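The values are calculated or read from the model by the stated rules, or taken from the named source; none is laboratory data. These figures come from a predicted structure and were not determined experimentally. Quick reminder, even Gly has a Cβ in these numbers, built from the backbone with ideal geometry, and neighbours come from all protein chains shown. The protein model used for the area step is the full one, side chains on, heavy atoms only, and it has no ligands, DNA or RNA in it. Shrake-Rupley method; radii C 1.70, N 1.55, O 1.52, S 1.80 Å.
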Amino acid sequence: MSTNSINGEANTDQESLITPLLSPRRSLINSTSQVAIVGANVCPIESLDYEIAENEFFKQDWRSRGKMQIFQYVFMKWLLCFLIGLIVSLIGFFNNLAVENIAGLKFVVTSNMMMANRFGMAFLVFSVSNLILTLFASIITAFIAPAAAGSGIPEVKAYLNGVDAPGIFSLRTLVIKIIGSISAVSSSLFVGKAGPMVHTGACVAALLGQGGSKRFKLTWRWLRFFKNDRDRRDLVTCGSAAGIAAAFRAPVGGVLFALEEMASWWRSALLWRAFFTTAVVAIVLRALIDVCLSGKCGLFGKGGLIMFDVYSESVTYHLIDVPPVLTLGVIGGILGSLYNFLLDKVLRIYNLINEKGVVYKILLACAISIFTSCLLFGLPWLASCQPCPSDASEACPTIGRSGNFKKFQCPPGQYNDLASLIFNTNDDSVRNLFSQDTNSEFQYSSILIYFVTCFFLSIFSYGIVAPAGLFIPVIVTGASYGRFVGMLVGSHSNLDHGLYAVLGAASFLGGSMRMTVSLCVIILELTNNLLLLPLIMLVLLTSKTVADAFNGNIYDLIMNAKGFPYLEAHTEPYMRQLTVGDVVRGPLQIFQGIEKVGKIVHVLRTTRHNGFPVIDEPPLSESPVLYGLILRAHLIELLKKKAFVPTPVPTGTGAFKLFFAGDFAKRGSGNGDKIEDLQFTEEEMEMFLDLHPFTNASPYTVAETMSLAKALILFREVGLRHLLVIPKISGRPPVVGILTRHDFMPAHILGLHPVLIKSRWKRLRIQAPRLFKLF
């Protein structure tokens with residue numbers, strides 16, 4: 001087998017694992033942790049087996065299934081989707097309830113001390129509580145589940161593309177993701193819980209789809225149908241949709257988010273199940289919110305679960321409002337691309353700190369927490385106190401944890417507008433920015449200070465070793481400059497300042513995350529204002545178009561930096577100039593149809609390949625011919641059951657008696673058997689294995705003259721792990737090599753053919769001036 005073409009192996013893919021695959025620079029080390037690009041532990045990334053291994057054993061097992069088993073399979077799909085929706089909605093509600101009460105208690109205690117003019121003690125309580133919460137989140141993440149750090153969206157997106165990084169869907173990761181997200185968000189860091197909810201939903205789906213657990217004595221026979229990567233992929237897609245639906249109470253937006261941003265493969269049947277899953281989430285959350293609105297949830301904030309209700313029957317706009325909206329789109333595109341650029345640079349800087357060890361990761365998180373607390377408590381002192389408006393819709397100054405009129409250090413009858421934004425939870429800050437009929441409540445300087453603070457604190461906070469999302473910080477940042485633009489336009493526009501804040505949030509989301517349809521629907525479901533649909537569509541299209549001229553979306557940048565071998569939907573132009581024979585390399589490890597046990601054991605122990613071509617030679621065939629492909633896991637299972645024969649003769653279907661269908665099912669969370677755990681006697685090493693009944697006799701093959709671009713489209717669309725290359729001319733060996741995910745990575749291709757680098761940059765220099773002429 002080609003040592004340069006086998007994906008996910010320690011020996012052959014070491015270079016691809018320790019460097020960003022899609023970058024010409026090769027100095028960064030990969031890790032499953034979202035903490036920037038931490039290089040302390042290199043993770044063995046592998047590909048997923050979405051292709052069905054159609055061997056004789058599989059065909060016989062499939063033919064033996066009756067109508068009842070088929071009904072069980074279909075019923076279990078829908079039952080698991082229901083359970084995913086139910087569990088994710090309960091987790092989302094619990095997360096929000098915990099954050100609102102923990103953060104609310106902190107702000108109530110601090111505000112009471114402020115009202116008593118005990119400013120020093122108030123700052124001490126505020127900063128120490130934030131530090132303790134951050135320290136707790138970083139410690140449990142760093143020591144228990146490093147894969148739980150960050151948002152988790154890049155990992156889930158890579159998984160749905162066929163990349164399996166170990167530990168990202170374990171039970172340990174799920175628990176730490178929930179607890180760590182609550183602690184991090186409650187600590188007043190500028191992080192969100194929407195991204196972690198996507199990862200949480202994917203974890204729940206992956207754990208339910210593992211087909212049971214022998215360790216916990218959960219081996220229900222029905223669950224064995226889901227012990228394959230294809231069904232787990234569909235469940236994880238539904239889980240990611242449920243995560244967004246639970247985070248924003250946006251069921252339709254959750255489905256569209258999974259379709260537009262997460263999934264690499266989609267079909268109508270999956271659309272139905274994803275929609276059913278998010279519908280369950282919406283119904284359960286609605287029932288739970290009714291309980292909280294009756295006052296039984298402690299300090300749970302008003303306005304529902306992350307619902308920023310800015311509905312208005314009197315929203316009208318004319319052509320005169322279009323230029324400011326377009327301006328918001330352009331600003332969002334520029335700021336979004338700048339945000340992505342700076343975040344990428346900050347993560348690389350954090351890498352230099354994090355690779356020194358766990359202690360440095362925790363110290364970095366604590367330093368960010370102290371810096372954030374100082375800013376949040378100190379900046380409101382720069383704002384002047386404003387007299388309470390006579391027509392205020394709520395008490396002024398605000399008494400309690402939330403509201404538009406925070407008293408902070410102001411005398412009775414006055415409020416601090418900057419404290420109303422910055423000395424608050426992120427959700428309440430968004431509500432204040434989105435609020436209508438508040439055009440005179442915020443000063444220019446306060447909004448500008450708040451925008452700069454949000455912009456940079458969200459960048460600095462994301463790379464710490466704790467669960468941290470980007471959705472809410474991006475919304476807050478965009479809403480702040482959107483409201484500032486609305487204040488500048490003033491009476492020249494018919495739109496309320498709160499509506500400008502909504503459009504600003506949309507523009508920054510489009511400029512940073514580069515989504516359009518899903519973001520549009522999510523914002524509409526968030527704000528409950530369908531009348532803004534045309535303007536939101538316009539601002540999203542504008543911001544995405546502008547930002548695409550500079551760099552990629554934020555999640556793609558993080559995936560590239562982390563070294564995930566993600567296959568894009570499009571092909572690079574230079575791939576049309578190459579054939580698959582130009583990138584496949586030898587030597588090739590091949591097994592005979594009836595192979596000696598000793599050779600199989602030797603190859604498995606000396607290589608890390610996951611697939612091996614099987615050929616037949618005389619006397620089994622007239623000439624050497626490719627019989628098929630056998631997987632490493634299947635070989636280990638054959639060796640484990642010791643289905644040996646003393647002489648090299650075909651065994652036919654008689655070997656099936658030793659096995660059950662579940663024996664060849666893929667273990668969950670990468671818990672497969674290892675060749676190092678098996679022991680054999682000298683006599684057994686001299687025996688033989690008939691590989692024919694267990695070999696996929698119909699693997700995907702391509703001629704060595706096929707263009708690399710065409711092969712990439714086939715590889716990605718079908719969801720392959722191995723693609724066999726066969727010779728164009730007869731008389732040569734039946735297999736030239738094997739293409740895997742690594743062979744389609746630009747870094748690998750350009751490394752083999754450096755001359756393409758010059759032509760690539762020349763073409764970019766020619767196209768760039770034409771591109772910028774469009775703006």
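Observations on the structure shown:
- Measuring only protein heavy atoms, the 1.4 Å probe finds residue 499 accessible over about 10 Å².
- Net charge dipole, the range 356-438: roughly 520 debye, given to the nearest 20, about the Cα centre with Cβ charges of +1 for Lys and Arg and -1 for Asp and Glu.
- Highest-first arrangement of 287-293, 52-58, 448-454, where packing means the average Cβ count within 10 Å: 448-454, 52-58, 287-293
- Accessible surface area normalised per residue over the range 379-531 is 28 Å², counting heavy atoms of protein chains with a 1.4 Å rolling probe.
- Set of aspartates and glutamates with alpha-carbon distance to residue 674 below 17 Å, sequence-local pairs under 8 removed: 9, 46, 637, 663
- Cleavage-rule hits (trypsin sites (Lys or Arg not before Pro)) in the range 55-100: DSSP loop, at most 13 neighbouring Cβ within 10 angstrom: 65
- DSSP-assigned coil residues among trypsin sites (Lys or Arg not before Pro) in the range 262-297, each with at most 10 further Cβ atoms within 10 Å: 267, 296
- Taking a ≥ b ≥ c as the square roots of the eigenvalues of the Cα gyration tensor, the range 371-499 is classed as oblate, since a/c reaches at least 1.5 and a/b does not exceed b/c.
- Global size of the range 114-153 as Cα Rg and Dmax, reported in angstrom: 15.2, 44
- The Rg/Rh ratio of the range 551-650, with Rg taken over Cα atoms and Rh as the Kirkwood radius over Cα pairs, comes to 1.13.
- In the calculated pair-distance distribution of the range 539-580, the portion above 17 angstrom amounts to 54 percent of the Cα-Cα pairs.
- When every Cα-Cα distance of the range 87-148 is counted in 5 angstrom steps from zero, the calculated P(r) takes the values 4, 16, 16, 18, 19, 13, 8, 5, 2 percent.
- Of 356/562; 177/562; 177/544; 67/227, pairs whose Cα-Cα distance is over 24 Å: 177/544
- Where N is the number of residues in the range 677-740, Cα Rg divided by 2.2 N^0.38 Å: 1.56
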